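The values are calculated or read from the model by the stated rules, or taken from the named source; none is laboratory data. Bear in mind the structure is a predicted one, so any value in this text is a computation, not a measurement. Cβ sites come from the backbone with ideal geometry, for glycine too, and all protein chains shown count toward neighbours.
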Amino acid sequence: MTSDDLQNTPASADEAAPTGGVHSASTVGQSTLDMAAERAERTSTRNITGLPGLPVPDDTANLRMGPDLHPGVLGLLPLVGVWRGEGEGNDAGGDYRFGQQIVVSHDGQNFLSWESRSWKLDTEGEYVEPDLRESGFWRIGEDDDIEFLVAHASGIIELYYGAPVSQTAWELATDAVVRTKSSPLIGGSKRLYGLVEQGGALAYVEERVDPDGALFPRLSAKLDRYAG
């Protein structure tokens, strides 16, 4: 999947409806509603769990449960959930497949929490070894810029700024990259996230800057909603 594919993928039934008349559009609309209802039946009761005993609200990745979402991050509301699926990566060893889980949660404060972990797969789709892991926070600044601060287990911290492409898609680029002495050398990055399949999946594309200063495709995936 490329960034053009993601930007051109309809997120709603209205965008996806064919031009074959009222009957065709209504059929697509009903099918979309049926799929959404079936998906909600599977995912609406799932949530992340926390350890008991803290005086603060638990994180929730399900908007039906826990504290209300802070008004300051309503523009990121569609991201909240647990997302699982597979994607394709490209590193020094060449192209590879990976599995991934992303958890986007909140505790009622003016930010979203982000946790991502992935693992490499063989050509048959079987687990091989752990791959990437990162955690961070999404915020919306006073000037409506999206701020994404992410720390990688490899010893790298990145600060992204971005803006919405639509109500269900967001594009970001690194403003700063900080690394520890033991971390690998990497260039800046651009990421595009968007909801596809009527909100039932989260797709994204990450591009990195290579040593010559050109962007190359680093990661792409489509993750189905597992909870939320």
inquiry  = Every residue in region 192-218 that is more than 14 Å from Gly85 (Cα to Cα), in contact with a Gly (Cβ under 8 Å, 6 or more places away or on another chain) and assigned to a strand (DSSP E or B), please.
reply    = Arg208, Val209, Arg218
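At negative phi and either modelled with pLDDT under 95 or crowded, with 18+ Cβ neighbours inside 10 Å (or both): is that true of Asp212 in this structure? Even if it seems obvious, please write down each step before you answer.
Values: at negative phi: yes; either modelled with pLDDT under 95 or crowded, with 18+ Cβ neighbours inside 10 Å (or both): yes.
Against the criterion (at negative phi and either modelled with pLDDT under 95 or crowded, with 18+ Cβ neighbours inside 10 Å (or both)), Asp212 qualifies.
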Region 51-84, residues that are within 17 Å of Phe137 (Cα to Cα), within 12 Å of the chain's Cα centre (by Cα) and part of a strand (DSSP E or B) = Gly81, Val82, Trp83
query = What are the pairs, 6+ residues apart or on separate chains, where a residue within region 178-193 that is farther than 15 Å from Leu159 by Cα and in contact (Cβ under 8 Å) with a residue 24 or more places away in the chain has its Cβ under 6 Å from a residue that is part of a strand (DSSP E or B) and not small (Gly, Ala, Ser)?
reply = Ser183/Ile156; Tyr193/Trp170; Tyr193/Tyr204
query = Is at least one residue of region 85-107 modelled with pLDDT under 80, closer than 19 Å to Val205 by Cβ and not in a helix (DSSP H, G or I)?
reply = no
query = Exactly one of (1) modelled with pLDDT of 95 or more; (2) over 20 Å from Pro71 (Cα atoms); (3) touching a helix residue (DSSP H, G or I) at 6+ places or on another chain (Cβ under 9 Å) is unmet by Trp138. Its number?
reply = (2)
query = Conditions: (1) at pLDDT below 95; (2) closer than 18 Å to Lys222 by Cα. Gly81 meets all but one. Number of the miss?
reply = (1)
inquiry  = What are the pairs with Cβ atoms under 6 angstrom where one residue, in region 197-219, is farther than 28 Å from Val103 by Cβ and the other, located anywhere, is surrounded by fewer than 21 Cβ atoms within 10 Å (Cβ to Cβ)? Sequence gap at least six, or different chains.
reply    = Asp210/Phe216
ask   = Of the numbered conditions (1) modelled with pLDDT under 95; (2) surrounded by fewer than 19 Cβ atoms within 10 Å (Cβ to Cβ), Glu197 satisfies every one except a single condition; which is it?
value = (2)
key: Any hit, region 141-157, residues being loosely packed, with under 14 Cβ neighbours inside 10 Å and in a strand (DSSP E or B)   = no
request  = Report whether or not Leu185 is under 20 Å from Gly213 (Cα atoms) and crowded, with 17+ Cβ neighbours inside 10 Å.
outcome  = no
